[in-house]
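Input: a single structure, listed below in structure tokens.
Values in this text are rule-based calculations from the coordinates and carry no lab data. Since the structure is predicted, the reported quantities are computational estimates derived from the model, not experimental observations. For neighbour counting, all protein chains shown are included, and Cβ atoms are generated from backbone atoms with ideal geometry for every residue, glycine included.
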């Protein structure tokens, strides 16, 4: 857990949402946007200001896949493992990415450059195997192709 | 309320509109299986076991959340319903261990029971199973989440019953589990270990540590009794096997606490079976410095009788003194004061109420004519405004704090907290007044001033029910908010806001405790609060009043029983000849006619050599009295000291003879709780070793001294009490099952009194007392710059004699701490956990610093639970002139960091 988080950004977010408990998810989303993830100190501060129990905040944060409790890499790489991508070789694409970055799915590189995730389906099966880098879609990926894209980043 | 008629399983019923099918069925004696539903709490509809068929509905419905409608036709036991329930059980069992043969819950497990009833012995769903490590990180209970069925009851109990909010359902899907924030141990969360989660868990996921491997559910015998810790008097059930208490539970039907407990009541019982218990009488041999040897009862009682007789003959009855015990039963307190008066012939009888609520007894006595909580615990939740002053309610009266939280969260009550420390109740407060220690009179006078000057008082009530209003008006005219702000440090605006909120609320209740009473101005503080309530007409009606929260389990009862130097049982004055005459006739002996010495005076007179013999039952003055070095000196100066206790306390170590009494679990009797409710205490196990019930010891000793006391049992003693004590006149054991009785209860027809002073005060009119603010007896100076305040914490009890012999309580709070404000800590260059020396004019102790903003700057706080760092070596023994209560809350100290 990172220390010395600058809570002034959070104060603005909380002000905007008037610290109302009905706005918890929106507050968490904006806080994550600002901090990159949700440090413990941020959650504790949200608890203090909104009076929502920390246990409930933690329950919400761990329920939604969109929230992260650990720092994220500057770049997010998502490899699709849906059925269509799988039969077209997503497995070897994933293996290549893991080898290239030196991490396995769900992990972040030690220099916080990359976070690697897999997804079940992106709805772009015609383009499979699909890899999404920082929101940009790359279709018909191969082991070699994905290395080129990663190097370019 | 509108009624709805419907048919369930062919039975035509009529129920209140708004009821659910499950509730309607229950009322008709039809039980519907359920795992997640908890009575009186909102349903979560998670387990799907309570599904039933409703004619016309396409799907089965969850009966716990489905409201009844007119002419609904419900079937709870069709094959379709059974099939759905079996499916739900199979799904639960697909990720649940089949280890019922070693599970502590077996026999009381709802999952096991429903599986049995529906014939589900296996599951068709073979898939991944969890293998969570078993969480044994806290000292009270084990969490085995492999057995958890995710019903969510524990979460509801934690959030909605205890308002603790320590746990919730976390993570997602198959990995969902109940956890504290960040999956950290409960100690790092807001958990207070009340055990409500354990109490509601339908399966074996949560188990009390002390009961593990000690017996199966069906081997346990349950005994209904009363918690031995604080004055709330929670209803508990002891589960017993082979003369050992295995666990404590509390029935939801309990009149005082409705199934809610705190950590001490739930987990603090193992002192009863502690190996340290005294098992035989002890006699000191070889003079004051000699050693104890074991003795027979015959020998020990002979020694006590002959020494007491000798002192009485040589120095007169008033050279003897007796302290009774607020831990013992009413019957025992009654007998011991009778022993003092009728057998020894002295009114020198007192007990620890002198140290906690003596100023309540005097103050409320002067204002109303009777001193006890005016209203009942169960009324607090309906108050419109609650004013807590000088009560750390959530730590010292945890279940009463739940009533307050209930009032705030559900009833929309306004909560005003006045306390120098940032106690937990502040979190629930609308307004927090952080007065400087010892300035309560000024604060309350300020509120009275605002209420009068803004014409917010109840003129009709003042005119009809009170006297002395003009004197009050004159007396408080200087206490305008800006002047009060100077004395108390409370901003004038906040003071006005508090006064207006309190005065404008239709039903406002004052709760107070030792923060008010333990001052040299203790009586004044109480009188000032009485003024406030009289002025606003907050007396003689529900959910209002002036409510002193009594400390010990039976301190109310000990006072009622006349364990006081100026009162015979039922607050009948010793000096009243007619009263004395009735007791003399009943006890068949002349009685002393002058009030005796109070507790602190006894100690001082012992030091002076005037008191030569003392009989102490179930008290530990060495730890509980202020300026304890002086107490030790006094006790050592006695010719003869007999201590009757269950442990060799610090005081017992100084005795000439020690008599082993028994704990609450080993005898029958009654306790009277803080709301004047007399409740039955029932024997659950045989006395440990050769120890004897305290009432038996006293009667045998009395007989040896030539005044036979032959009682078949406590029930007969209570009959005698009833015959001599008008407020207990209708109290008999056959009437005490279930809800008990609240005094005044004057005869067999009297159902007792829920709230006092309805039409009249015992003294006639309520009396206003104009009170001026006076400074505490010892204020900080250059040499001793800090104020020391003393009190208790949630996890311990008084001198620690019992709570420190509970493995759980000691495990979670093992040592003494000194609370220091962060700014003071910085100046002292000490941080959390550093050892500091606390020095007063009377003594010094060493304890660990706990840096916290709970204490204001310039004030440190310590408990008196730990003999190694006994706060009462430091405290001052200056007394309130009327009540003779010492000023425990304020003395001045210096703090030095230990190198």
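Figures for the structure shown
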item: Protection proxy ranking of B:91-104, A:33-46, B:634-647 - average other beta-carbon atoms within 10 Å, highest first; result: B:634-647, A:33-46, B:91-104
item: Ranked by how many other beta carbons lie within 10 Å on average, peptides B:344-354, B:136-146 from highest; result: B:344-354, B:136-146
item: Coordinate range along principal axes, alpha carbons of segment B:125-267, Å, largest first; result: 45, 32, 25
item: Simple label model, 7 Å out from Cα along Cβ direction - residue B:470 to residue A:11, nm; result: 5.7
item: Computed [θ] at 222 nm, deg cm²/dmol, chain B (DSSP H ≥ 4; -39,500 (n - 2.57); rounded to nearest 500); result: -7500 deg cm²/dmol
item: Cα gyration tensor, segment A:8-63 - rounded (a/c under 1.5), prolate or oblate; result: rounded
item: By average C-beta atoms within 10 angstrom, highest first, the peptides B:151-158, B:879-886, B:574-581; result: B:151-158, B:879-886, B:574-581
item: Projected label distance in nm at residue B:125 and residue A:119, using a 7 Å step from Cα toward the beta-carbon; result: 2.9
item: Global form of segment B:362-547, assessed from the alpha-carbon gyration tensor, a/c cut-off 1.5; result: rounded
item: Peptide B:166-172 - average C-beta neighbours from other chains (10 Å radius); result: 6
item: Partner chain coverage, peptide A:54-67 - average Cβ within 10 angstrom; result: 6
item: Chain B, relative contact order [Cα under 8 Å, separation at least 6], %; result: 13
item: Where a label projected 7 Å from the Cα of residue B:306 along Cα→Cβ would reach, residues of segment B:644-666 with amide N under 15 Å; result: B:657
item: Whole-Å distance, taken between Cα centres, linking segment B:69-122 and segment B:870-899; result: 60
item: Computed E for residue B:573/residue B:712 - FRET, C-beta separation, R0 35 angstrom, nearest 0.05; result: 0.65
item: Average Cα contact separation per residue, chain A, under 8 Å, 6 or more apart, as relative contact order %; result: 20
item: Calculated FRET value between residue B:846 and residue B:137, using beta carbons and R₀ = 30 Å, to 0.05; result: 0.55
item: Cα centroid separation, segment B:128-206 to segment B:371-423 (Å); result: 28
item: Span from the segment B:607-662 Cα centroid across to the segment B:752-810 one, whole angstrom; result: 24
item: Other protein chain Cβ atoms within 10 Å, averaged over every residue that makes up B:159-165; result: 2
item: Prolate/oblate/rounded label for the protein assembly as shown (Cα gyration tensor, a/c 1.5); result: prolate
item: Where labels lie 7 Å past Cα in the beta-carbon direction, separation of residue B:733 and residue A:74 in nm; result: 8.2
item: Share, in percent, of DSSP beta bridges within the protein assembly as shown that are antiparallel, nearest 5; result: 55
item: For segment B:125-267: relative contact order, % (alpha-carbon pairs under 8 angstrom, 6 or more apart); result: 20
